[in-house]
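Engineer: Please see the structure below; I have some questions.
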Amino acid sequence: MLVWFAGGLLLWLFVRFVLRGYYTIGPNERAVITSFGRAQRIGKATTLNDPIAASLSAEEASRYTYPQVRVVGPGVHRKLPWQQVHKASVATVIASIAYDPDDPEANYGGTVLDAVTKDQLNTGFTGQLRYTVSERNLYAYLFGVTTPVSHVMGYFVSVLRDRVANFTAPRDDGSDEPTDLDAVQGISINDLRKNLSDLNDHMNVECASAAARYGIALDAVLITGIDPPAEIESALAAINTAHNQVSSTISLARAAADQKIVQSRRAVEIETLNAQAEVEPLLAMADQLRELRSHGSGALDLYVRNVRLGLFAKAASIVTSAQDGRIDR
């Protein structure tokens, strides 16, 4: 009996400490080892020492500070009995922007995400996003957040809806400030459609902090469709037609005004050149007279006499004043 007990004990020890002491990590997996529930840390380093925290504001950095832990890569590894392995897949996942991890049937089965524009139009958005578990912040993914995917999707949806509700088409000079003509020229859904690339860029920038917040990095956001409710599609088409006509009229008026401005500038340039052409000989004559005067008063009198002689030669008749008051021709 004692032999059987000793044999069973040895078998249990073999299975417990030898066979179950080894574990494998797949190519698309990473793991963190905990000893008595505490993850193996890398000194006192935190995520604030990592570049992924660069996108956090000062207030966010005080809340999202996680310790950096030792990450186990692919292969066969050994652990002690009091240690536990926590695995996470780091493969890239592609999901719809309307995907709800907590309720797969939400948002029309995860196909269309509703958002309200600044003119109170309920609009449907479709598209995709790619995300991966951040190997540099596995602590947040495994231990910091209960359901990190749900947190990331909720964060993404809140940022998107806030941007849509306050979106204003940028002006030609690059400013986001609205112009007085915005209320006449278009509505929010048209602005969103025309600036879809700007909307995607904004989402990528705003979601850059997801890795530092929740341990999930949003690699790319691609919004592909913006559609209004079907019941207002015809009204929207009419508005767009009127908007195009107004835009065409405004463009023609601006072109005509620009043309008149250019013509006015050319007329001013021509008159300026003509005036300069008339003034130049007078300025040159004044310079010559100053130079003659510098040679003495007699030189200036002699110059006047020669000019008179030239005029007398060209004149058909000369009128002079006699001393007795008579006029001779």
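Engineer: State the number of residues belonging to region 123-159 that are touching a residue at least 60 places away in the same chain (Cβ under 8 Å), part of a loop (DSSP other than H, G, I, E, B) and polar (S, T, N, Q).
Structural biologist: Total meeting the criteria: 1.
Engineer: So, residue 94, is that one aliphatic (A, V, I, L, M), modelled with pLDDT under 90 and not in a loop (DSSP other than H, G, I, E, B) or not?
Structural biologist: Working: aliphatic (A, V, I, L, M): yes; modelled with pLDDT under 90: no; not in a loop (DSSP other than H, G, I, E, B): yes.
So residue 94 does not fit the description; no.
Engineer: Identify the single condition in (1) of a type in the set (S, T, N, Q); (2) within 21 Å of residue 224 (Cα to Cα); (3) surrounded by 17 or more Cβ atoms within 10 Å (Cβ to Cβ) that residue 92 does not satisfy, given that it satisfies every other one.
Structural biologist: Going through the list (1) of a type in the set (S, T, N, Q); (2) within 21 Å of residue 224 (Cα to Cα); (3) surrounded by 17 or more Cβ atoms within 10 Å (Cβ to Cβ), residue 92 breaks only (3).
Engineer: Restricting to region 5-29, what's the tally of residues that are modelled with pLDDT of 70 or more and more than 20 Å from residue 81 (Cα to Cα)?
Structural biologist: The qualifying residues number 4.
Engineer: How many residues are out of contact with any strand residue (DSSP E or B) (no Cβ under 7 Å at 6 or more places or on another chain), within 30 Å of residue 31 (Cβ to Cβ) and surrounded by 13 or more Cβ atoms within 10 Å (Cβ to Cβ) when one looks only at region 95-131?
Structural biologist: Adding up the residues that qualify gives 3.
Engineer: Report yes if residue 254 is among the basic types (Lys, Arg) and under 31 Å from the mean Cα position of the chain (by Cα), otherwise no. Even if it seems obvious, please write down each step before you answer.
Structural biologist: Values: among the basic types (Lys, Arg): yes; under 31 Å from the mean Cα position of the chain (by Cα): yes.
Against the criterion (among the basic types (Lys, Arg) and under 31 Å from the mean Cα position of the chain (by Cα)), residue 254 qualifies.
The values are calculated or read from the model by the stated rules, or taken from the named source; none is laboratory data. The structure displayed is predicted, hence computed values, not measured ones. Heads up, the Cβs are rebuilt from the backbone with ideal geometry, glycines too, and the neighbour counts pull from every protein chain shown.
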